[in-house]
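Data first, discussion second: the structure below is written as structure tokens.
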Amino acid sequence: MELPIEQACVHDAERILKLQYLSYQTEAELYDDYAIPQLIQTLRSLVGDSDTHTILVARPGGEVVGSVRGRLEGDTCRMNGSSSVPVSSVVASARG
């Protein structure tokens with residue numbers, strides 16, 4: 001199965017934000033903290049991240065099913081967040 005990875009565009013922001021929200025629910029429950037940055041980030045803030053970070057998305061079948069963002073600091077890539085749908089959903093989406 002091939003999983004296309006490409007740079008996100010502004011049209012992906014809403015889907016990325018929804019994935020991020022869903023992905024961090026378990027962490028919020030574990031720490032009993034629903035104010036973690038990934039859960040309170042706004043759409044405007046996410047779009048603003050593209051000014052300082054590279055945002056990539058996984059897009060099998062044309063639908064965004066995962067994202068990651070990071071930036072280069074010297075020779076190091078600092079990853080600032082990732083989110084995805086459950087693996088079973090990715091497989092089903094890739095199969096079409």
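Whenever a residue of the stretch 13-38 is part of a helix (DSSP H, G or I), its partners that are among the small types (Gly, Ala, Ser), lying with C-beta atoms within less than 6 angstrom and at least six residues away or across chains, give the pairs ILE16/SER67; LEU19/SER83; GLN20/SER83; SER23/SER83.
Here are SER82, SER67: which of them is out of contact with any Phe, Trp or Tyr (no Cβ under 8 Å at 6 or more places or on another chain), surrounded by 18 or more Cβ atoms within 10 Å (Cβ to Cβ), of a type outside the set (Lys, Arg) and in a strand (DSSP E or B)? Being out of contact with any Phe, Trp or Tyr (no Cβ under 8 Å at 6 or more places or on another chain), surrounded by 18 or more Cβ atoms within 10 Å (Cβ to Cβ), of a type outside the set (Lys, Arg) and in a strand (DSSP E or B) holds for just one of SER82, SER67, which is SER67. Whether a residue is on the phi > 0 side of the Ramachandran plot, outside any loop (DSSP other than H, G, I, E, B) and surrounded by 11 or more Cβ atoms within 10 Å (Cβ to Cβ) was assessed, and GLY61 passes this test.
So is THR54 β-branched (Val, Ile, Thr) and surrounded by fewer than 11 Cβ atoms within 10 Å (Cβ to Cβ) or not?
no
If you scan the stretch 9-37, which residues turn out to be of a type in the set (Ser, Thr, Tyr) and either touching a strand residue (DSSP E or B) at 6+ places or on another chain (Cβ under 7 Å) or surrounded by 13 or more Cβ atoms within 10 Å (Cβ to Cβ) (or both)? Hits for the stretch 9-37 are TYR21, SER23, TYR24.
No value in this document is a laboratory result; all are computed from the given coordinates. In this text, all values refer to a predicted model and were calculated from it rather than measured experimentally. Note that we place each Cβ from the backbone using ideal geometry, even for glycine, and neighbour counts take in every protein chain shown.
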